[in-house]
Amino acid sequence: MVGGGAREHAICEAVKKSKDVDLFSVMHNRNPGILKLAKKAKIAKETEIDKVVEFALENEIDLAIIGPEAPLEAGLTDALIEKGIKVSSPTRDAARIETSKEWMRKLMEKYRIPGIVKYGVFNEIEDAKDFIDLLNGEVAVKPIGLTGGKGVRVYGDHFSSAEEAVRYAKEVIEKRIGGFPKVLIEEKMIGEEFTLQAFSDGKNIYPMPAVQDHKRLLPGDKGPNTGGMGSYSCEDGLLPFLKKSDYEEGCFILQKVIEALNKEGCPFIGTIYGQFMLTAEGVKVIEINSRFGDPEAMNVLPLLKGNFVEICLSMAEGNLSEKKIDFDGKATVCKYVVPEGYGTKSMENVPIEVNEKGISKTGALLYYASVNLKNGKVYTTKSRSLAIVGIGENVYEAERICEKGLEHVKGDHIFIRHDIGTRELIERKVKRMKTLRG
Ligand code: AMP
Ligand code: GLY
């Protein structure tokens, strides 16, 4: 297992649950949850390809799973495959679906995949300005490459005029935010977001329950975008505002993306992640990721009844079948505990008191994220600290269990979005979608 966040902790748990396997971990931090599950752990940056490959060879690894996107972009999958190791994550070329938003939009256009929006990619600010003006400033301004979910700015949320959009677009080009001297401008979509993750063996997708992530830092979905503050899923695999036909439209789009990647000569092996906007005109694509979502992995993996290791092996071997996949019909709510100041300036290296036994008694699940274990104590880093997941017959029961679990996490400098999964927030979304759909 490569990666040391809460998503990776959840993946490790799914691995340990499925078979009597030895788990080996490479991560940049000392994640207490993964340290407990792994037979051996190496502390190294996930993008240090040589070190990861060496560790894999030393320990005669049969199957590698890569959690985060950065090592995919660095070509870790390719390097491991070259050494004869099976990998249930995409190659560098297949991962371009996430690592280049320009490539993703062009692929959708080339293969006429539904769910595309008006967009343009620009090197020159004058051209970007013309396009922004054409759309009356009602745009999303996006870096092309990876920014950890923090590089996108949207009209009405982060700026309110064409001038401000142009100013940020200029900054993206000049400072090469996201790694390229270019900017992607998209028409602003209006609606509710949902995530659809699916296993892919390179030919077909096998979808998981839908999830709604909350990317904005503050209650009521306000403030800057973050890596994700929490998420929920429902017992029927849909969401309170999402109909079966919308879900199926999302699946159709992901299947078309998989087929397009195959035709491009870079079949996609692993978990594919669609971030969609449900609009008045139907389902649109916000982004496609080449891995599990974080936090969304924590909503779906605890519900997986099939054997996760076997699913991963089948993906790597290109022969997954529906028979292997089954999810519990339960609802989940996941809330992240983050350091105070997260999103602007995190309080780093402050202790968090985590009463593991207390959490366990409530029935909630605990997933450690970017924390460090030092002398038996848990300390924050810049990023998200840990996640608590409640599972229940419906989302409100799951929310209550999640909150019970959170009572056993204490710290003077932590922040939690307690509104996630509450009736008030969810009903507001349902109402808004009803109004939009007319
Ligand atoms: P991304 O990193 O592309 O997922 O964008 C981060 C967030 O920005 C998304 O979760 C959306 O909330 C928002 N966003 C991105 N693109 C658009 C768009 N074209 N219209 C409206 N909101 C968007
Ligand atoms: N939850 C957003 C992401 O994983 O990209």
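Since every read-out is calculated from the coordinates, none of them should be taken as a lab result. No experiment lies behind these values; they were computed from the predicted model shown. For neighbour counting, all protein chains shown are included, and Cβ atoms are generated from backbone atoms with ideal geometry for every residue, glycine included.
The table that follows gives values for the structure above.
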item: Of GLY405, GLY223, GLY145, the one that fluctuates the most in a GNM where the chain has Cα springs shorter than 10 Å; result: GLY223
item: Of all DSSP beta bridges in the chain, antiparallel share, percent nearest 5; result: 90 percent
item: Local electrostatic count, ILE420, Cβ distance below 9 Å [Lys/Arg +1, Asp/Glu -1]; result: 0
item: Distance from segment 8-59 to segment 175-253 (C-alpha centre basis), Å; result: 27 Å
item: Charged-residue dipole, Cβ positions (Lys, Arg, Asp, Glu), the chain about Cα centre, Debye nearest 20; result: 640 debye
item: Within-13-Å neighbourhood charge of GLU60 [Cβ basis; K, R +1; D, E -1]; result: 0
item: Those trypsin sites (Lys or Arg not before Pro) in segment 306-350 that DSSP places in a loop and that have at most 13 other beta carbons within 10 Å; result: LYS345
item: Evaluated at q = 0.22 Å⁻¹: base-10 log I(q)/I(0), Debye formula over Cα of segment 40-148; result: -1.15
item: Packing rank of 229-239, 278-288, 261-271, where each peptide gets the mean count of other beta carbons within 10 Å, highest leading; result: 229-239, 261-271, 278-288
item: For segment 106-203: span of alpha carbons on each principal axis (Å, largest first); result: 44, 29, 26
item: Charge dipole of the chain about the Cα centre (unit charges at C-beta), most positive-ward option of CYS234, PHE24, TYR379; result: TYR379
item: Taking THR91, THR195, THR147 and counting other C-beta atoms within 10 Å, the order from fewest to most; result: THR147, THR91, THR195
item: Computed [θ] at 222 nm, helices only, for the chain once each DSSP H run of length n ≥ 4 contributes -39500 (n - 2.57); result: -9500 deg cm²/dmol
item: Exposure proxy order (Cβ contacts within 10 Å, fewest to most) of ASP22, ASP78; result: ASP22, ASP78
item: Cβ-based charge dipole, the chain, positive-most Cα from VAL395, GLY363, PHE180; result: GLY363
item: Candidates LYS129, LYS244, LYS150, ranked by Gaussian network fluctuation over the chain, Cα under 10 Å, top entry; result: LYS244
